[in-house]
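This report concerns only the one structure given below.
Readers should treat all values here as calculations from the given coordinates under stated rules, not as data from a laboratory. Bear in mind that the values here come from a model prediction, so they are computed numbers and not experimental data. Neighbour counts are summed over all protein chains in view; Cβ atoms, including those assigned to glycine, are modelled from backbone coordinates with ideal geometry.
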Amino acid sequence: VKRLLLGDPLPWRGGDGTDDEPFELHYTDSPARMEKFLQAKLDAGASARMTAGMCWEWTDTSGTVPDVAPEPGWARPWNADDTHDTPGVPKRYYWATDNGGFGQIGCVHTVQGLEYEWGGTIMGPDLTWTGTTWNLDRNHVKSKAIRIDSDTTLTQRLANAYGVLMTRSIRGTILYSTHPTTRQLFADLGIPKL
């Protein structure tokens, strides 16, 4: 993940066959497919969560308004804050551990210091692969990070945030990007497609 987000990606090597439970890495071209895969893991008794880069507005704090909309026909709410009273929706501190947290999308501020077995990371149009390097699109940065004047520094901060999101799961991660060239990078690196 570190090399990937530094712009010097290495091919994925999915274990040597000696580990009883090797770490799994996949990518998909559909957030719905990612969610279905993670829901199956959840149904089988594992913990699973979805996260996203902060490139969608956060209009609601109840965990019920589908602000994260990476493609037409699929949208989910951000995780709730700690002041809401929505039944069945965990407060922010319990998003990763409460059963009701699966329906919301976590952000870099929610997941730090937490781990779950299976994770899905949605990369938005704020940081995309050009074929040779990462490209910043300031129009899609919806966090306080937009205050950073230097494009180089902001690109590094976004890459760091995605790195946190991609490394929270301990058994497997599914990557999705809204950007076709970024998904092609995942394919070119040998990451299996769901």
Excluding GLY124 itself, what net charge comes from residues whose Cβ is under 10 Å from its Cβ, given Lys and Arg +1 and Asp and Glu -1? -1
Taking Rh as the Kirkwood radius computed over alpha-carbon pairs of the stretch 1-150 and applying Stokes-Einstein at 25 °C with viscosity 0.890 mPa s, one gets a diffusion coefficient in µm² s⁻¹ of 146
What is the Cα convex hull volume of the stretch 134-194 when expressed per residue in Å³? 103
Of GLY163, GLY120, GLY131, which is the most mobile in a GNM of the chain whose springs link Cα atoms less than 10 angstrom apart? GLY131
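Net charge around ALA161, counting only other residues with Cβ within less than 13 Å of its Cβ (Lys, Arg = +1; Asp, Glu = -1)?
After counting each charged neighbour, the total is +3.
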Starting from the Cα of TRP58, step 7 Å along the direction of its Cβ; do the same at ALA40; then give the gap between the two resulting points in nm. 3.3
If you plug each phi of the stretch 174-190 into the Karplus form 6.51 cos²θ - 1.76 cosθ + 1.60 with θ = phi - 60°, what whole-Hz ³J(HN,Hα) values come out, in order, with x for Gly and Pro? 10, 9, 9, 10, 5, 9, x, 5, 5, 5, 5, 4, 4, 5, 5, 7, x
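Express the Stokes-Einstein translational diffusion coefficient of the stretch 80-138 in µm² s⁻¹, to the nearest whole number, given a Kirkwood radius over alpha-carbon pairs, 10 °C and a viscosity of 1.306 mPa s.
On the way: Rh = 13.5 Å.
Reported coefficient: 118 µm²/s.
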For the stretch 48-111, what value does the Rg/Rh ratio take when both radii are computed over Cα atoms and Rh is the Kirkwood radius, given to two decimals? 0.92
Under the Karplus relation 6.51 cos²θ - 1.76 cosθ + 1.60, θ = phi - 60°, what is the ordered set of whole-Hz ³J(HN,Hα) values for the stretch 101-111, x standing for Gly and Pro? x, 5, x, 10, 9, x, 10, 4, 6, 7, 8
Cβ under 13 Å from ILE148's Cβ, ILE148 left aside: what net charge do those residues give with Lys, Arg +1 and Asp, Glu -1? +1
Using a Gaussian network model of the chain whose springs link C-alpha atoms within less than 10 Å, name the residue from ARG171, ARG147, ARG76 with the highest mean-square fluctuation. ARG147
Computed FRET value (nearest 0.05) for ASP81 with SER30, which takes r as the C-beta separation and R₀ as 30 Å: 0.55
Any idea what diffusion coefficient the stretch 25-84 gets from Stokes-Einstein, in µm²/s, Kirkwood Rh on alpha carbon pairs, 25 °C, 0.890 mPa s? 192
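Let's see if you can work this out: charge +1 on each Lys and Arg Cβ, -1 on each Asp and Glu Cβ, no other charges. What is the dipole magnitude of the stretch 78-177 about its Cα centre, in debye to the nearest 20?
Rounded to the nearest 20 debye, it is 140 debye.
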